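Participant: Sharing a structure below in structure tokens format, with a few things to ask.
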Amino acid sequence: QVQLVESGGGLVQAGGSLRLSCAASGSIGSINVMGWYRQGPGKQRDLVALITSGGSTNYADSVKGRFTISRDGAKNTVYLQMNSLKPEDTAVYYCNGVSWGINYWGKGTLVTVSS
């Protein structure tokens with residue numbers, strides 16, 4: 001079992017920045033991929049960024065150059081640094097971890113970007 005807890009969401013003006021955190025606990029040694037997904041109002045949940053256990057990263061085209069995913073192994077935490085935020089980035093952001101082919105999700109944190 002893996003538990004994921006997100007934090008760091010909030011209200012920010014367009015052009016601003018936020019950093020999301022995802023703290024992992026439980027059987028974290030078996031996690032091989034962690035990522036951030038988001039679900040905007042009336043939309044499906046989409047991948048934002050992911051990072052593998054080897055440190056490889058992948059980003060959605062819409063956030064490339066603005067968002068950065070990183071991890072701190074000592075703290076068992078994955079971060080999403082979001083810069084140059086746009087109103088269309090408004091969504092609930094979910095942390096995801098994949099362990100032995102099973103997807104684990106956090107409860108989400110709301111990011112609201114005002115114009």
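Participant: Hey, what's segment 7-115 come to in accessible area per residue, 1.4 Å probe, Å²?
Facilitator: 52
Participant: What ratio of Cα Rg to 2.2 N^0.38 Å holds for the chain? Each step should come with its number before you reach the end.
Facilitator: Working: Rg = 13.3 Å, N = 115, 2.2 N^0.38 = 13.4 Å.
The reported ratio for this selection is 1.00.
Participant: If you don't mind, another one. List the relative contact order of the chain as a percent without decimals, with contacts defined as Cα pairs under 8 Å and 6+ residues apart.
Facilitator: Here the relative contact order equals 37 percent.
Participant: Between THR52 and ASP72, what is the label-to-label distance in nm when each label sits 7 Å out along the Cα-to-Cβ direction?
Facilitator: With each label placed 7 Å out from Cα toward Cβ, I get 2.6 nm.
Participant: A follow-up question, please. Just need log10 I(q)/I(0) for segment 1-61 at q = 0.15, 0.16 Å⁻¹, Debye formula, equal scatterers on the alpha-carbon atoms, no solvent, rounded to two decimals.
Facilitator: For segment 1-61, the Cα-only Debye profile gives -0.59, -0.67.
The values are calculated or read from the model by the stated rules, or taken from the named source; none is laboratory data. Treat the numbers as computed from the prediction; the structure is a model and nothing was measured. Reconstructed Cβ throughout: ideal geometry from the backbone, glycine too, with neighbour counts over all protein chains shown. Note: areas computed on protein heavy atoms with side chains; ligands, DNA, RNA excluded. Shrake-Rupley method; radii C 1.70, N 1.55, O 1.52, S 1.80 Å.
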